[in-house]
1. Given the conditions (1) modelled with pLDDT of 70 or more; (2) more than 27 Å from E176 (Cβ to Cβ), report the number of the one that I92 does not fulfil.
2. Just to verify a result, which residue in region 50-80, among those that are β-branched (V, I, T) and either at pLDDT 95 or above or in a loop (DSSP other than H, G, I, E, B) (or both), is least open to solvent (accessible area, probe 1.4 Å)?
3. Considering only residues that are among the charged types (D, E, K, R) and at pLDDT 85 or above, which ones fall in region 13-37?
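The values are calculated or read from the model by the stated rules, or taken from the named source; none is laboratory data. On a predicted model such as this, the values are computed, not experimentally measured, just so you know. Note that we place each Cβ from the backbone using ideal geometry, even for glycine, and neighbour counts take in every protein chain shown. Please note that ligands, DNA and RNA were not included when accessible areas were found on the heavy atoms of the full protein model with its side chains. Shrake-Rupley method; radii C 1.70, N 1.55, O 1.52, S 1.80 Å.
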Amino acid sequence: LDGNLQWENEYVPDEYYENFGVTINVDARGNAVISGTNTEESITTLSYNAIGKEQWVHTEMLSDVADIYPTHQLLDNNDNIIVVHSAGESNIYKYQSDGAQLWHRSFKSPQFSDNQLYAMTTDKQGNIYVTGRCNENKQNDFYTIKYNSAGEELWHTRYDGDSHRDDVPVAITVDEKN
């Protein structure tokens, strides 16, 4: 913690594209988990151990989607990695700390023309809360979904503010009881 470089690494896939790291977290063992995107319509999540050695890489190809960026990444109480990205259709991926994919969920409401998830959090039980906006008739409203730790949707809700104009959430949290 003296400010000196401990290690550095560069992720270069087999096929070189322009790559962008967007989010990073460090788990309890000192592994760095990075999520990012490239110019070939995919998102990548990878992990380096505490000394900078690559542990695993997952790349999710998403065709016919522009502006693919992971919008949020977090680690739950068990150091599982949860990644959300949105580009018209929103996707949530959950990986174990060893990189094994636990589940993947897609969200695109048939009643709304555009959906973007912006933030997420977890509670003590491992439930996942994601929030963002849904668009109906060119008006944005809050849209929040709760999943259990196995990725099953428990509920969702929409909120249209009193002014009935654009409502876009930027963060979500749970209270200390959860």
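1. Evaluating I92 over (1) modelled with pLDDT of 70 or more; (2) more than 27 Å from E176 (Cβ to Cβ) leaves (2) as the failure.
2. Among those residues, the one meeting the criterion is I68.
3. Taking region 13-37 first, the residues among the charged types (D, E, K, R) are 14-15, 18, 27, 29.
Those that are among the charged types (D, E, K, R) and at pLDDT 85 or above: D27, R29.
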